[in-house]
Amino acid sequence: MKYLLLLASLTSCFFTSCVTGRRTISPTVPVAAHSASKGSVEIMSIRDVRVFQNKPSNPSTPSVKGDHTQMSAAEKNRMAGRQRNTFGKAMGDIALSPGDTIENKMRALITEAFARRGYTVRNGSRNRASADVPKFWAWFTPGMWYIKFEAVIEARIKVTKGGRSRSFTLTGKGTNGGQVASNANWNHAYELAFEDFITKLEAELQRSGF
């Protein structure tokens, strides 16, 4: 019995890297070649409107180690996921690098989508965009020898051009697999979600006349 418990503990440590504290990740927003030929746009407010829960049963629900009501809005704005062991028990937080935030990432994603449509971002433009972010989270589904990493981002976006406004909601998803809960695996899941989101936003911008 003791041997089985030890084996389970070692297996858990191997797959999760035994991290119970805070893990910091730095997923990169993809940048494609493009030219600024169509004009400009001003990105107005970007708001993190995610709802956190204490000890949620679903790992895709934002949570933190401890009581989320004791964490400031600025701290929550960096939270990007939650580590779990091979039994699904919640462990430490996953945060973006110091100085980076969920709102900054969304601004970069929107900037890149507009850039691919030929628009530069600058203040004072008559073209405008804003977004609320209800989802921006990553988690993994443990297996005996394989871990499934998932990331989902969602934004309610409003764009205005020529005095006409249009609103829509977009979701980007990324799924990655590996054997160790490394930063690289977490980052890659997010980066796949980023590219999915940008591609969908490009299409919506085209429908909106950009």
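Per 0.36 nm of contour for each residue apart, how much would the distance between N58 and S45 grow if the chain were fully extended, relative to their Cα-Cα spacing?
Result: 1.7 nm gained on full extension.
With contacts defined as alpha carbon pairs under 8 Å and 6 or more residues apart, what's the relative contact order of the stretch 2-207 in percent?
Relative contact order of the stretch 2-207: 25 percent.
Within the chain, what is the number of lysine pairs with alpha carbons under 18 Å apart, leaving out pairs fewer than eight places apart on the same chain?
Number of lysine pairs found: 20.
Mean Kyte-Doolittle of at least -0.5 plus a Cα span of 15 Å or more along the axis: flag which DSSP H helices in the chain meet both, please.
2-16, 102-116
About its Cα centre, what dipole magnitude does the stretch 2-207 give when the only charges are +1 on Lys and Arg Cβ and -1 on Asp and Glu Cβ, stated in debye to the nearest 20?
Rounded to the nearest 20 debye, it is 460 debye.
Run the numbers for S37 and T171: contour at 0.36 nm per residue of separation, minus the present Cα-Cα distance, in nm.
45.5 nm is the gain from fully extending S37 to T171.
Can you pull the one-decimal nm distance between simple spin-label points at Q206 and W145, each 7 Å off the Cα toward Cβ?
In this crude label model, Q206 to W145 measures out at 4.3 nm.
Which of G163, G81, G92 moves the most in a Gaussian network model of the chain with Cα springs under 10 Å?
Highest fluctuation among the options: G163.
Non-local amide H neighbours of V121 (under 5 Å, H modeled in plane, Pro and chain starts lacking H): which ones?
Close amide H contacts, sequence-distant or interchain: V41.
Select from I157, I94, I102 the residue whose mean-square fluctuation is largest in a Gaussian network model of the chain (Cα-Cα springs shorter than 10 Å).
Evaluated over the chain, the most mobile residue of the options is I157.
Using only alpha carbon positions, build the gyration tensor of the chain, then give the equivalent ellipsoid semi-axes as the square roots of 5 times its eigenvalues, largest first, whole angstrom.
After scaling each eigenvalue by five and taking roots: 37, 17, 13 Å.
Under the classification rounded if a/c is under 1.5, otherwise prolate if a/b is larger than b/c and oblate if not, where does the stretch 136-185 fall, given a ≥ b ≥ c as square roots of the Cα gyration tensor eigenvalues?
Prolate, since a/c reaches 1.5 and a/b exceeds b/c.
Every read-out reported here was derived from the displayed coordinates using simple, explicitly stated rules and does not represent laboratory data. None of the values given here were measured: they were computed from a predicted structure. Neighbour counts run over all protein chains shown; Cβ positions are idealised from the backbone, glycine included.
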